[in-house]
1. What number of residues within segment 255-285 satisfy the criterion of being within 26 Å of Gly301 (Cβ to Cβ), among the acidic types (Asp, Glu) and in a strand (DSSP E or B)?
2. Scan (1) touching a residue at least 60 places away in the same chain (Cβ under 8 Å); (2) surrounded by 15 or more Cβ atoms within 10 Å (Cβ to Cβ); (3) within 30 Å of Ala310 (Cβ to Cβ) for the single condition Glu484 breaks and write down its number.
3. Out of Arg279, Arg292, report the one residue that is of a type in the set (D, E, K, R), under 13 Å from the mean Cα position of the chain (by Cα) and farther than 18 Å from Leu344 by Cα.
4. List pairs: first in segment 154-165 and more than 14 Å from Phe97 (Cα to Cα), second of a type outside the set (S, T, N, Q) and at pLDDT 90 or above, Cβ under 6 Å, 6+ apart or cross-chain?
5. I'd like to verify a number: residues in segment 323-337 that are more than 24 Å from the chain's Cα centre (by Cα) and in contact (Cβ under 8 Å) with a residue 40 or more places away in the chain, how many?
6. Residues that are basic (Lys, Arg): list the strands (runs of 3 or more DSSP E) wholly contained in segment 135-229 that include at least 3 such residues.
7. Give segment 191-220 a look and list any residue that's at positive phi and crowded, with 16+ Cβ neighbours inside 10 Å, or say none.
8. Kindly establish whether Val405 is modelled with pLDDT of 95 or more and over 19 Å from Val343 (Cα atoms).
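The values are calculated or read from the model by the stated rules, or taken from the named source; none is laboratory data. Because the structure is predicted, anything quoted here is derived from the model rather than measured. Please note: Cβ atoms are built from the backbone with ideal geometry, for glycine as well, and neighbour counts cover all protein chains shown.
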Amino acid sequence: MAASLGFGGSNAVDKANATATANTAQPAYTGPTQMLDEHLLTPATISSIEVHGATNTRRSLLDHVFQPVVEDSAHAGTTLGQVLEHIGVATKKLARFDIFKEEGFGVFLSEAARPESAPPSDRTELDISIRVKEKSRLVFSAGTDFGNTEGSAYTNAVARNIFGGAETLSVNASTGTRTRSAYNATFSTPINGNPDLRLAVEALRSATQKPWASHEEQLTGANLRLAWLAENSDSHALAYSTVWRQLTGLAATASPTVRADAGDSLKSSLTHTFTRDRRDNPMLPQSGYLLRTISELAGWGPLNGDVSFAKTEVEASGALPVTIPGLAAKSGVSVGGGLRLGVLYPLPSGYSLTGAAQPSRINDRFQLGGPTDVRGFKIGGLGPHDGADSVGGDVYAAGSVNALVPLPRLGPESPLRLQLFANAGRLVALNNKGKGKETGEGLAMDSATVFRGVKSAVSELTNGLPSLAAGVGLVYAHPVARFELNFSLPLVLRRGEEGRKGLQVGVGINFL
């Protein structure tokens, strides 16, 4: 009679480590743990794997997941413990397709029946039955969403597992405090049956108000994105995008700089994003670190469009727990810090590195200041201004330090914290006045002028004190967003910049 073992839960099969113990000085004792360890060392192989409940999933997708497990089990010396480990890895991989319910996994093992005429074998042959429950293929949702510096209301429709290969089609429409309207449709699919390697195609259209620069920006375009997860959990994304931008809806008080950049532009670019997140809680980190880089190349080489530049941003942040004598090991007190750097380098169009380059546009320059980066300043409050308009910069640096302390009587497990912080930033534009030549497309700069301008802007970051603010506030870490209510006091303010003394509310998912 075949013996069977059942395993359930989202992890499907727990990893088992086989160990053997011996004691020659005392009589051997065979307890339950030792018996299990010896059983896991039994030579084993897989006779068959059956998946039940995946009625809308293609056989080829399942083969990509489980065929390597069957092949590995055929190697000489494979033990029952190794088979269980490989099955556990495969079921976790199956769960990452996001087409099965987490609580629906069940794995059952039994000894395969052998014909009476079959020769004896020193390996246990296993029949494996895996039960899954598929998620709903069509889902509609509506609600509110929070991103950095804005909130929005949305409706969303998602079609899962469209062709049986874990494909997803998502259609979204939203309106928000800054984004008047946004529509996008995204189709994504895993490549070669790998849930950690996905290809996505997106079409988008949006209209966003930018009152700090007296205009509205409308975007219409498409993206092609390849995203993958490395074995060490680092994530990468490589995207090609082409976007038609319209800078329109100018206010009557719009500055000459904003008016000069008004109208249409076409950006064609390649972007690579790298993320390493080792924080214990992204919304309320008590330990760990984050490293992120975003690199963009637009308009150069085979890329078309009427803007050409290289743009790079680097972000690093970390947190450390603080142990207080007399309190529990986990006090909930932590100190943290963050640093962000960015450079935009104008390039000539085509394949030349020495031709004439156009200055950056307000659409592409960095903006700095606001409740989610440099607190104590208005959105776009730092850096170059033309009248009341924040016109952005080409080089920036921003940093912060903070301490998070649990409120009395709430304890370290509460998502509510008292925050003490200080942050600073500097945003600088390239100085190209009088150093270029006027063309039909505007002021053009040769390669030497661009290099000197970027070098001068980088040096200017350390010229004098940066804009600085400090304050105290409350932080609430919700699973979908972080909420901050801070009282800020600008301490250093450069001419033309706009501080924000008093209360400031921040809602977002990525804070400095």
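1. Residues in segment 255-285 being within 26 Å of Gly301 (Cβ to Cβ), among the acidic types (Asp, Glu) and in a strand (DSSP E or B): 1 in total.
2. Of (1) touching a residue at least 60 places away in the same chain (Cβ under 8 Å); (2) surrounded by 15 or more Cβ atoms within 10 Å (Cβ to Cβ); (3) within 30 Å of Ala310 (Cβ to Cβ), only one is false for Glu484: (3).
3. Values: Arg292 fails: farther than 18 Å from Leu344 by Cα.
The conditions single out Arg279.
4. Thr155/Ala173; Ala157/Phe140; Ala157/Val171; Val158/Val139
5. Of all residues in segment 323-337, those more than 24 Å from the chain's Cα centre (by Cα) come to 323-333.
Subsequent filtering for residues that are in contact (Cβ under 8 Å) with a residue 40 or more places away in the chain retains 328, 330-333.
Looking only at that region, the number is 5.
6. Working: elements: 138-147, 150-160, 168-176, 179-191, 194-210, 215-229.
Hits in segment 135-229: 194-210.
7. Gly193, Ser214
8. Details: modelled with pLDDT of 95 or more: no; over 19 Å from Val343 (Cα atoms): yes.
Criteria not met by Val405.
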